[in-house]
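Reading through the structure tokens given below for one structure.
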Amino acid sequence: RKGNAPHSSRWADASLPLNVDADGDLMLLHPDGSEERLVAGGKGSVTDPFVSFDGEWVFYSQFEDLKDRKGHGGAAADIYKIHVKSRKVVRLTHQEFTPNTGAAQWAKDPRKPEPGKTSQPYPICNLGPCPLPGGRVMFTSNRNGFEMPRGNNMGFNIPFQLFVMDDDGANVEMIGHLNVARALQPV
């Protein structure tokens, strides 16, 4: 559901996945037209809902806090699923950062600059969960700390790679290498 932003809402898309307003809730629409909130967006926002093949679960991404973000983006996002009947919420990703340690000397905490070390000045975002046959879930993430040679039209140079994981969040595997969110498009 649309957030309560005082301006026209921003909706995430493939080229601008971080372009989203706060207060976006995950809603259940009943056959009689009534609505029920499954997950409140709060300071963050729920995006990218996808229903499981059996109709029992809804997978979604949730941004943590979009109210106080500075500039573009600035909010971490993780993937969850909710069991529709029981309302049990399961968190599938946990802000994992998995950079190529051979490509740079990373700071102890990659989000905090350290002299002579590489840091990641933007949040980790796990987005676009999509259940697959056989109990796997495909999603995109910037967890590897890659950078594009140029930014997109909001000034970012954060590419998202394609990953798969088990539907409980285990066994994460990168299957797309620097190919999502305009990373390889010509200038």
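The values are calculated or read from the model by the stated rules, or taken from the named source; none is laboratory data. These figures come from a predicted structure and were not determined experimentally. Here the Cβ is made from the backbone with ideal geometry for all residues, glycine too, and neighbour counts use every protein chain on show. Only protein heavy atoms, including side chains, enter the accessible area calculation; ligands, DNA and RNA are left aside. Shrake-Rupley method; radii C 1.70, N 1.55, O 1.52, S 1.80 Å.
What is the list of residues in the stretch 91-112 whose amide nitrogen lies under 20 Å from a point 7 angstrom out from the Cα of D168, following Cα to Cβ?
91-96
Using protein chains only and a probe of 1.4 angstrom, how many square angstrom of D32 are accessible, to the nearest 10?
Result for D32: roughly 120 Å² accessible.
Using a 1.4 angstrom probe on the protein heavy atoms only, could you order K88, K117, K108 from most to least accessible area?
K108, K88, K117
Longer than 30 Å from Cα to Cα, which of K85/K108; K88/K108; K85/K112; K81/K117; K43/K117; K43/K81 are they? Say none if no pair is.
Going by Cα-Cα distance, K85/K108; K88/K108; K85/K112; K81/K117; K43/K117 fall outside the 30 Å limit.
Let me know the volume per residue of the alpha-carbon convex hull for the stretch 38-113, in Å³.
So the per-residue Cα hull volume is 126 Å³.
Leaving out ligands, DNA and RNA, what percent of the accessible area of the stretch 18-134 is carbon and sulfur, probe 1.4 Å?
53 percent
Which net charge results when you count Lys and Arg as +1 and Asp and Glu as -1 among the other residues whose beta-carbon is under 15 Å from that of H83?
Charge balance in the 15 Å sphere: 0.
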